[in-house]
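The values are calculated or read from the model by the stated rules, or taken from the named source; none is laboratory data. Given the structure is predicted, the values throughout are model-derived calculations rather than measurements. Positions of Cβ are backbone-derived with ideal geometry, glycine not excepted, and every protein chain shown enters the neighbour counts. The protein model used for the area step is the full one, side chains on, heavy atoms only, and it has no ligands, DNA or RNA in it. Shrake-Rupley method; radii C 1.70, N 1.55, O 1.52, S 1.80 Å.
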Amino acid sequence: MNPAVGLAAFLGVALATAAIGFYGLRISRTTGDFYVASRTVRPWWNASAIGGEYLSAASFLGVAGLILLTGTDALWFPVGYTAGYLMLLLFVAAPLRRSGAYTIPDFTEARLESKAVRRVTSLIVVAVGWLYIVPQLQGAGLTIRISTGLPSWVGSIAVVAVVCVTVVAGGMRSITFVQAFQYWLKLTALAVPVVFLLLNQTGGGSPVLAEASSNPTGLPAAGLYQTVSLLVALLFGTLGLPHVLVRFYTNPDGQSARRTTLIVLGLLSVFYLFPTASGLLGRVFAPELARNGRPDAMVLLLPGKLLGGVPGDLLSALVVAGAFAAFLSTTSGLVVSLAGVISQDLLGGSVHGFRVATLLAVAVPLAFAFTTDSMALAGSVGLVFAFTASTICPVLVLGIWWRGLSDAGAIVGMLTGAVLCGGALVSSTIIGSAAPGWIAQPAAWTVPAAFAVMVLVSRATKHRIPGTVTRLMTRLHVPERPVATERQLR
């Protein structure tokens, strides 16, 4: 890849992101603008923004890389990433919007009337956010090295700098515009090269296939347990992603939150067609790209490999632009959600506190990105989903749908999920590829354990159930009256 073309693509995305962010600054005036865009974001805008922040490095680079390595076994990743939003639609979206909270800790404190629950939730939300940001920065480092030849740390620092400028400038209001733009950029950046490569490989008659001996099919197929555990992690983990959930606070009402989720399902379904197709193209026509130990770079390298010349450089530049849009949009969403939690819990919740918290939110993951090497991006993000599914998801689902949840049950359940899942993930990292499946992919047993502990402890501490639970549950589940109806009643 021509380094000048790659650098130009990155600079173009960075400048466009900053320009849109500063446009958001012009209309960001209140604390509500910074935290939840004053709850005025309409479904199509919000759905595009959710697609922008949700489609991370794992989606843009990692899914295609895993398909290159493992073939059909990796198709469960796009299926799980998309189907998780069906779970959100059914169980979380509208009630969470009706809660009126700014953040997940706000919701758990209001639901259980406990400062201790809020503190535990805040710690877990920050941990999840940091764990999720690290792969984005590692993906940025990989992309900047492949596309320009610059050191990996340049990509990580560049993403952090652009994100900080955008978030500090206008908070959630700015990020909404930025992420909506970046969703459509990412979709274009994958769709156009896939279409051109398909036409190029099939337009001249019989396509030239790679030799069977070079096809990267030597990895063992995933067993039933690994597949089920992966799906549990992806389906339930989506329900607890802080940067996704905070988006539903920006909708005007619960009905808009449901409509937003339906649109997101459609947008994700369309998007995931293209990393899947890209991975299959690499597996069929260029399987040797799996041998360099960096399958996540396949999407970046494939246009140059199959086309070459100026067309290959132009398509590669488009892919690089989409990749950086993925890193920027997901990191922006995570930083906004973390800054909201840190600011409210430690810095008073003001706009100034939000801006200071933004810097704190990026410092730790940046240090981790410098000191750790990237693993398969889709796989590493899948582990974050497992942790989220074992901690935040149970307290949200039970808090919304079960009036018997107590503060003690919530705390013990979240800590149980964090210890079990976190311990399994650390053990898997230490053991490496020899780790048994139940440790390497723990969601199938850590998620049920967290739910079970939360229920059992809550039943044993019924006296700690808030007396206001009936009123709050009614608020969560009774649809709002349309604005026109309220005016008529007046």
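For the reader, a short list of remarks on this structure follows.
- Condition met for LEU150 (outside any helix (DSSP H, G or I) and open to solvent by 10 Å² or more (accessible area, probe 1.4 Å)): yes
- Criterion: touching a helix residue (DSSP H, G or I) at 6+ places or on another chain (Cβ under 8 Å) and either assigned to a loop (DSSP other than H, G, I, E, B) or surrounded by fewer than 24 Cβ atoms within 10 Å (Cβ to Cβ) (or both) - qualifying residue of GLY322, GLY349, GLY333: GLY349
- Output for region 421-449, where each listed residue is under 20 Å from PRO394 (Cα atoms) and not in a loop (DSSP other than H, G, I, E, B): CYS421, GLY422, GLY423, ALA424, LEU425, ALA443, ALA444, TRP445, THR446, VAL447, PRO448, ALA449
- Restricting attention to region 425-463, the residues being within 26 Å of the chain's Cα centre (by Cα) and modelled with pLDDT of 90 or more number 11.
- Selection from region 409-424 of residues that are touching a residue at least 40 places away in the same chain (Cβ under 8 Å) and surrounded by 20 or more Cβ atoms within 10 Å (Cβ to Cβ): GLY409, ALA410, ILE411, VAL412, GLY413, MET414, ALA418
- Total residues in region 71-97, condition among the hydroxyl-bearing types (Ser, Thr, Tyr) and crowded, with 24+ Cβ neighbours inside 10 Å: 2
- Being open to solvent by less than 30 Å² (accessible area, probe 1.4 Å) and either modelled with pLDDT of 85 or more or in a loop (DSSP other than H, G, I, E, B) (or both) is a property that does not hold for GLY266.
- Residue, least open to solvent (accessible area, probe 1.4 Å), within region 449-477, restricted to residues that are farther than 23 Å from LEU239 by Cα and polar (S, T, N, Q): THR461
- Sole exception among (1) open to solvent by 20 Å² or more (accessible area, probe 1.4 Å); (2) modelled with pLDDT under 80 for ASP106, by number: (2)
- Here GLY382 qualifies as under 18 Å from the mean Cα position of the chain (by Cα) and either assigned to a helix (DSSP H, G or I) or touching a residue at least 12 places away in the same chain (Cβ under 8 Å) (or both).
- Condition check for LEU199: more than 21 Å from the chain's Cα centre (by Cα), modelled with pLDDT of 75 or more and open to solvent by 30 Å² or more (accessible area, probe 1.4 Å): yes
- One residue alone among THR446, THR429 is over 15 Å from VAL120 (Cα atoms) and open to solvent by 40 Å² or more (accessible area, probe 1.4 Å), and that residue is THR429.
- Flag: THR217 matches the condition of being touching a Lys or Arg at 6+ places or on another chain (Cβ under 9 Å) and either within 20 Å of LEU289 (Cβ to Cβ) or at pLDDT 55 or above (or both).
- The residues on offer are GLY62, GLY100, and the sole one that is open to solvent by 10 Å² or more (accessible area, probe 1.4 Å) and either of a type in the set (Gly, Ala, Ser) or not in a helix (DSSP H, G or I) (or both) is GLY100.
- Unique residue being over 20 Å from VAL162 (Cβ atoms), small (Gly, Ala, Ser) and at pLDDT below 80 when the list is GLY21, GLY62, GLY100: GLY100
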